[in-house]
Every structure is written in structure tokens, then in C-alpha cells.
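The values are calculated or read from the model by the stated rules, or taken from the named source; none is laboratory data. What you see is a predicted model, and the numbers here were worked out from it, not measured in a lab. Please note: Cβ atoms are built from the backbone with ideal geometry, for glycine as well, and neighbour counts cover all protein chains shown. To get the accessible areas, we keep the full protein, side chains included, count just its heavy atoms, and leave off ligands, DNA and RNA. Shrake-Rupley method; radii C 1.70, N 1.55, O 1.52, S 1.80 Å.
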Amino acid sequence: MTILLNLWTIINGFFLYPLVSKPKLSKQPKVSLLVPLRNEAGNVPGLLGSLKQITYENIEFILLDDHSEDDTFALLEKEVGSDARFRIMKGKELPPDWNGKVHACHQLSEKASGEYLVFLDADARVAPRIIEKTIATMDKHQADMISGFPFYPNHHFLSHMLVPLQHMVVQLHLPLMVANHSTRPMFTAACGIFICIERSTYDQIGGHKSVQNSLVEDVHIAREVKKQGHKMILANITPSVLSYMYDSSRETWEGFKKNIYTGIGRSVWMVLFLTVFYAFVFLVPFGYLLIGVVENDIVYLLPYLLTVTFKMYVDSRTGHPLWLSFFVPLSIVLLIAMMFTSMSVHLKGKSYQWKGRSYE
């Protein structure tokens, strides 16, 4: 079973497109790069330093302060300075039937004038030629939307264990050949940290208003794009985009708790299925490892080593430390615990908490 998963992941990985490394654009359509910020004072200097290095000329940057309770707005004004490419705006009050980030992105889109919209999280940092590479990749594959999971330079235990699993889960569960070649909404993944979409396509699906109360708006927007017959692709953006996704293990826990149960369709049966599947694939081999240690028989180590090589292949492609692969059983235990924790919040009728806001 583990050998088959290794082969599947390697083959599947061929269909995770890289960004075009040496883009040559015949024209430069206008791009609007849009960033929502809420309590992101710690990220503002790094974010602005990254954006100012972008080499694409026909671009506007619009930054929205979404009622931050820290110095986000003041720092934005300081870091932007006299750079005419940037515009800073303050967000409107959050309507009761909207998700906070979704409403912020909706407001940003209303002010944007580009033919392409790039939605970027405040904790992201991008390579100078990210826009050229992105548009060239979309042109190459005739795509109307592109997204991908960035490199995560984690500095906390829980982040190390959980955040890079996003890459593994996508390459394990999503048939990328189907996802990147068809418009079937069920075969879709996206990451809201980095999304580029043609403005005409964005308007046709109704923009962020079409997913206004979603906790996983990135995936739902991708599905809306496919429902309208447009092509959305998932790319390996790790060489060009990184994300300081969570500042602490506590924040990691709260972030995953908010998203993971919604991300699997709020299905109890899916939680149970994934628990059994992950236990069989990743935890049983670790059990054999323990037996091998007790019995002093090296043969029992093989299933565990195969799971390590599986994770190591994914980590090597996405730039994460290879030593993480040896802790895959622990990562899986934490992932299972997170699924049940996230599910219990929903089943008990409680709210998810994130950045001072409550979400149903």
C-alpha cells in the first residue's frame, strides 16, 4: 500500500505545474495586487519590502486595513511613503452575513482597475518577478485562475508539524492531472495566500460576493470559476512565494481549527474516513517500527521508511526541511486531533475565533 502511495505521489507530482522560469511577455496587461490586513503590524515592513521589489511595471498595489486594533495602518503609511504605485484604504464595517477576509477582498476588488487581480495575504513574501512568471504560466496553460501553496518557513513546533502537510495532503488526495485539465468543480484546490485571476472571470462568477460567508473562500472561488467553464490550475509556487502563516503554535492551532472541518465539507463521515485512512497508511507502519525495535528485526522498519520517503519526496519539491519527514506519524496524530477538535466546535454549535472575530 505504501509503495503504491509513493508511486502515485511521484506520478501525480508531475502535473503540479512549475511557474515559468524565464517569462517572456508580448504585452503587459495591468495588474492589481490586493492585500487585506487585519492586525498585521508585525508583517507590514516585510510585506512592503517584498512588494516594492516587484519588477512588473504595469501594476497597482491596493492595501486595505480591516479595522486593525494595532499599528497596521500607521505602519502602512510609513512604509509606503511616496511610492505612487500604492494606495491605502480603510475597510468598511463588516456586514453580519459576510466573512471578514472575504469582505475585505470584495472591497479591494471594487477599487481595482487591473485586467488581472492578485490576492495576496499580508504574511506572504514574493519574488521580484512573480507577476511575470504568473501571467506567463497562465498564458502557457490557457488558465483563467492560478493558485498554489507557498513555502512555509515555520519557526514553531506545531507549525512545523502541521503547516507543510498542506502540500502532502493535496498531492496525496487531489488527482492533479484531472484538476489542472478539467473544469469539474469537485477536483479543485486553492490557497488564499496567493491567487491570480482574470478580472473578467472574477466578475462573471460574482467575485467574492458569491462566497461571502465562506471560511474557505479560496477553494469556493476556484469551484465557482470551474462551474462557469473556466480553467483554474494549481501550480508549485514555493520557489517564488513564501508565507509566515502563523506566529505561534497557539495561532497555528486556532487557524487549523477554524478551517479544517469546513475544508472537508463539514462531513463527520469524511473525518472518520480520513482518520482510518491516515492511521492505516501512516500510524500502522510506525507501529511496525516499534515492533522491529523490540524484536531487533530490521525488516519491520521498511513500512515506516517508506512513509518517510513519501513525505520526503513532497518536502523536497516544496523546499521544506527533510528532517520533518521522520516525524510524519506525529504530524498525522496532530492532524487527526485537529480534525476532531474542529468538528467538535461545529457540532456543539460554538463559534470559531480568529483575530478578534467570531465565525459560525
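What the table below lists for this structure:
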read-out: Selection within region 290-343 - crowded, with 18+ Cβ neighbours inside 10 Å and over 23 Å from Gln171 (Cβ atoms); value: Tyr300, Met343
read-out: Odd one out for Ser159, checked against (1) small (Gly, Ala, Ser); (2) modelled with pLDDT of 95 or more; (3) open to solvent by less than 40 Å² (accessible area, probe 1.4 Å); (4) not in a loop (DSSP other than H, G, I, E, B); value: (2)
read-out: Pairs with Cβ under 6 Å, 6+ apart, first in region 165-182 and farther than 27 Å from Asn154 by Cα, second at pLDDT below 90 and open to solvent by less than 20 Å² (accessible area, probe 1.4 Å); value: none
read-out: Top-ranked residue in region 210-244 [being among the small types (Gly, Ala, Ser) and in a helix (DSSP H, G or I); ranked as nearest to Asn12 (Cα to Cα)]; value: Ala222
read-out: Matching residues in region 57-71 - criterion: being within 25 Å of the chain's Cα centre (by Cα) and modelled with pLDDT of 95 or more; value: Ile59, Glu60, Phe61, Ile62, Leu63, Leu64, Asp65
read-out: Phe15, sole failed condition from (1) within 20 Å of the chain's Cα centre (by Cα); (2) in a helix (DSSP H, G or I); (3) at pLDDT below 90; value: (2)
read-out: Answer residue from region 240-250, given it is out of contact with any Lys or Arg (no Cβ under 9 Å at 6 or more places or on another chain) and open to solvent by 50 Å² or more (accessible area, probe 1.4 Å) and is nearest to Pro23 (Cα to Cα) among those; value: Asp247
read-out: Residue match in region 123-141 (condition: open to solvent by 40 Å² or more (accessible area, probe 1.4 Å), out of contact with any Asp or Glu (no Cβ under 8 Å at 6 or more places or on another chain), among the hydrophobic types (A, V, I, L, M, F, W, C) and more than 23 Å from Asp97 (Cα to Cα)); value: no
read-out: Options Lys90, Lys22, Lys30, Lys111: the member that is in contact with a strand residue (DSSP E or B) (Cβ under 9 Å, 6 or more places away or on another chain), basic (Lys, Arg) and closer than 28 Å to His141 by Cα; value: Lys30
read-out: Candidates Val284, Val271, Val314 - the one that is at negative phi, in a helix (DSSP H, G or I) and touching a His at 6+ places or on another chain (Cβ under 6 Å); value: Val314
